[in-house]
Amino acid sequence: MSSNQAETIAEMAMQLCGSDFRLHGRSADHGLDCIGLAAQCLAAADVPCEVPTGYSVRGGSIAQIAAVMEQAGFVCLPNDRPLREGDIVLARPSPVQWHLMVRAEGGFVHAHAGLGQVVFTPGPAPWPITKIFRMES
């Protein structure tokens, strides 16, 4: 991924802040979940990705998520790597839930179900990061 694509991913994430949350949501007009947010950011950066459907809020596995991200051209990095803008991170808000967030300058953008919208959270990740997905050139 070029640095321009990473910047585009981060910029699009910031532009989507304030969009409504909706499980399985795929557009800012009708609502986004964390996968929809990531998909919108990748589309803005011209990164093709087959977006999964039919999933529940709880469940899934790192292997399933990594397979989708790797198919889109991302490298799966361990959680101890320094983060870069445009990275998509997999966090673990609870023992039974996974959550994707986009790294932006100074924090993370994510679709927050509890707040009902896409938000920017400044500072460190609010939940433990399990994996970092990055497109390396």
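Values computed for the structure shown
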read-out	value
Which numbered condition Asp87 fails, given (1) crowded, with 18+ Cβ neighbours inside 10 Å; (2) touching a helix residue (DSSP H, G or I) at 6+ places or on another chain (Cβ under 7 Å)	(2)
Residue within the stretch 98-111 that is at pLDDT below 95, of a type outside the set (A, V, I, L, M, F, W, C), buried (at least 22 other Cβ atoms within 10 Å of the Cβ) and over 15 Å from Ile9 (Cβ atoms) present	yes
Residue check for Arg103: under 14 Å from the mean Cα position of the chain (by Cα) and part of a loop (DSSP other than H, G, I, E, B)	no
Test: residue in the stretch 80-87 that is at pLDDT below 90 and in a loop (DSSP other than H, G, I, E, B)	no
Selected residue (criterion: surrounded by the most Cβ atoms within 10 Å (Cβ to Cβ)) from residues of the stretch 112-127 that are out of contact with any strand residue (DSSP E or B) (no Cβ under 7 Å at 6 or more places or on another chain) and either basic (Lys, Arg) or under 19 Å from Arg22 (Cα atoms) (or both)	Leu115
Subset of the stretch 17-34 [buried (at least 21 other Cβ atoms within 10 Å of the Cβ) and within 17 Å of Gly86 (Cβ to Cβ)]	Cys34
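The values are calculated or read from the model by the stated rules, or taken from the named source; none is laboratory data. Note that this is a predicted model, so its numbers are computed, not measured. Neighbour counts are summed over all protein chains in view; Cβ atoms, including those assigned to glycine, are modelled from backbone coordinates with ideal geometry.
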